[in-house]
Structure formats: C-alpha cells, structure tokens
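Okay, structure first, notes after.
Nothing in this text is a laboratory measurement; each read-out follows from the coordinates by a stated rule. Predicted, not measured: the structure shown is a model, and the values here were computed from it. Because the Cβ atoms are built from the backbone with ideal geometry, glycine has one as well, and the counts that use them run over all protein chains shown.
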Amino acid sequence: MKFLLATLNLEAIKKWHHILPLAGVTSNPSIAKKEGQIDFFQRIHEVRDIIGMDAGLHVQVVAKDYEGILQDAHKIREATDEEVYIKVPVTLDGLAAIKPLKAEGFNITATAIYTTMQGLLAISAGADYLAPYYNRMENLDIDPTQVIRELVEAINRTGSSSKVLVASFKNASQVTKALAQGAQSITAGPDVFEVAFDMPSIAKVVDDFAADWKASQGRDCI
C-alpha cells in the first residue's frame with residue numbers, strides 16, 4: 001500500500017514527507033496551475049531534492065496527439081531524470097503512445113481512467129500504473145469501486161506487473177474505499193491527508209492521556 005501526494009507545493013511536500021511513509025509525488029497541469037507562475041521543471045527538481053530518488057515522481061504530458069505525446073515524454077525525461085513516470089491519458093492517441101514508450105524503457109502511468117475497458121487496455125499496453133479518477137467517476141455516476149476492483153482482479157488474474165494508483169479524491173472516506181478494493185496505491189492532495197487527522201476526538205484522547213500521566217506521575221514526559 002503506497003501513499004503519494006498530489007501537489008507541487010514545496011512546503012506541503014516537506015511537511016508530509018516528514019510525516020508519511022510518502023511513496024512519491026504526482027503532478028499534472030492543473031496541479032501546477034495552483035502554484036502560480038512557476039518554472040515547472042525547476043519546481044520538479046526541487047520536489048525531487050525533497051523526496052529523493054527512491055520515491056516516485058509522476059509528470060504528465062500536455063500534448064493530445066500521438067507524435068506530440070512521444071515528444072513530450074522525451075522532453076520530460078530529459079528535463080528530469082530516468083526514473084520519472086510519464087503520465088499519459090488513456091485516449092486513442094495516448095494508448096498508442098504507451099507501447100513505443102514502454103519499448104524505449106519509459107516508466108508509464110496511464111491516467112484519466114474512467115472505465116474498466118480503458119484500464120484493461122492500459123494493462124495490455126504495459127503501463128506501470130493505472131490512475132482511475134475516483135471522485136470524477138462518482139460525479140459521472142460511474143461506480144469507482146467496481147472499476148478499481150475489476151482492474152485489480154484483472155492484474156491478479158493475468159499476473160501483470162501493473163499497479164492501480166487511484167487519484168481524484170475529495171475526502172478520506174473515498175481513499176479508504178479505494179484501498180478496500182485492493183488498490184495498491186493512492187495519490188491525494190494535502191487537504192485529504194489533513195482531514196484524516198483533523199478530528200476533535202483524536203486530540204481529546206491524546207490530551208486526556210497526557211493529563212492522566214501528569215496526574216499520576218507528577219511530570220509531563222516519561
């Protein structure tokens with residue numbers, strides 16, 4: 001089970017890298033836009049400096065056509081490092097591009113997955129990760145748990161090395177539901193991780209333990 005962070009905010013990455021067993025960072029153009037007018041690849045290098053080479057770094061192509069996707073993938077790897085995961089949307093052109101990119105040794109995250117069929121085709125094309133969009137599927141009245149479960153079952157049945165990396169969450173409940181279906185990894189924004197711990201009951205029980213210790217032992221720490 002791997003937890004990745006969907007942000008390019010350096011302070012958030014530093015914070016959660018310190019707290020979580022953080023397996024990596026994912027980005028896309030919309031995530032980059034939230035950071036304002038940044039030098040994108042400079043920011044990516046800064047992220048890599050924080051998380052290290054052992055963590056996964058996922059960067060998305062922008063082009064929509066086959067040749068453009070191939071060119072974007074090469075530019076991303078040249079501007080980052082050999083270990084980067086290239087995020088390719090599973091469109092007709094995207095699916096066509098995954099095969100030659102894998103043949104060249106690229107790490108591929110097949111993204112923008114809304115249907116089981118998209119995911120199955122990405123598995124067959126050799127994608128390393130499949131990124132179904134949980135909340136976006138729910139908004140379209142697609143059952144994300146069914147899609148995730150069917151992709152996990154297909155991976156197990158075929159012995160594929162692909163892994164499910166679920167994205168697009170609005171709350172912690174969606175994360176736990178995705179993992180309950182067998183997803184090997186998730187990527188969520190800092191706000192989703194924050195809310196998982198932002199519960200008065202957690203703070204209260206910790207405060208009670210501290211107060212009881214001081215009352216019985218006469219000191220604040222062990």
Too long at a 29 Å Cα-Cα cut-off: which of K75/K177; K34/K99; K33/K170; K99/K177; K33/K204; K14/K163?
K75/K177; K34/K99; K99/K177; K33/K204
Could you give the nm distance between label points at S173 and S201, where each point is 7 Å from its Cα heading toward the beta carbon?
1.4 nm
Using a cut-off of under 20 Å, list every residue of region 18-50 whose amide N is near the label point 7 Å from the Cα of F209 along the Cα-to-beta-carbon line.
19-21
Just how large is the dipole of the chain about the Cα centre, in debye to the nearest 20, putting +1 at every Lys and Arg Cβ and -1 at every Asp and Glu Cβ?
240 debye
Using +1 at the C-beta of Lys and Arg and -1 at the C-beta of Asp and Glu, which of T7, L165, V62 has the Cα lying farthest in the positive direction of the dipole of region 2-197?
L165
I need the P(r) histogram for region 16-82: all alpha carbon pairs, bin width 5 Å from 0 out to the longest distance, whole percents.
3, 15, 25, 25, 19, 9, 3, 1, 0
Please list, ordered by chain and number, the residues whose modelled amide H lies under 5 Å from the amide H of K163; skip anything fewer than 5 residues away on the same chain.
Y129, L130
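Please state, rounded to one decimal and in Å, the Kirkwood hydrodynamic radius that region 108-222 gives when every pair of distinct Cα atoms enters the mean of 1/r.
It is 16.0 Å.
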Calculate the spin-label point distance for S30 paired with A180, positioning each point 7 Å from the Cα along the beta-carbon direction, and give it in nanometres.
2.5 nm
How big, on average over all directions, is the shadow cast by the Cα convex hull of the chain, in nm²?
14.6 nm²
Under 5 Å between amide H atoms, partner at least 5 residues away or on a different chain: which partners does V61 have, H built in plane at 1.01 Å?
K87
With θ taken as phi - 60° and the coefficients 6.51, -1.76 and 1.60, list the Karplus ³J(HN,Hα) couplings across region 199-204 in order, rounded to whole Hz; mark glycine and proline as x.
10, x, 5, 5, 4, 5
Give a residue-ordered list of calculated ³J(HN,Hα) values for region 205-214 (Karplus: 6.51 cos²θ - 1.76 cosθ + 1.60, θ = phi - 60°; whole Hz; x for Gly, Pro).
5, 5, 4, 4, 4, 5, 5, 5, 5, 5
Return the long-range amide H neighbours of N107 (sequence gap of 5 or more, or a different chain), with a cut-off of under 5 Å between placed amide H atoms.
I86
Using the 10 angstrom Cβ neighbour count as an exposure proxy, how do W16, W213 rank, fewest first?
W213, W16
Using only Cα atoms, find the angle between the long axis of helix 144-158 and the longest principal axis of the chain, and express it within 0 to 90 degrees, rounded to the nearest 10.
70 degrees
Vicinal HN-Hα couplings computed from phi for region 4-19 (Karplus, 6.51 cos²θ - 1.76 cosθ + 1.60; Hz; Gly/Pro x)
10, 10, 9, 6, 10, 7, 5, 5, 5, 5, 4, 4, 7, 5, 6, 8
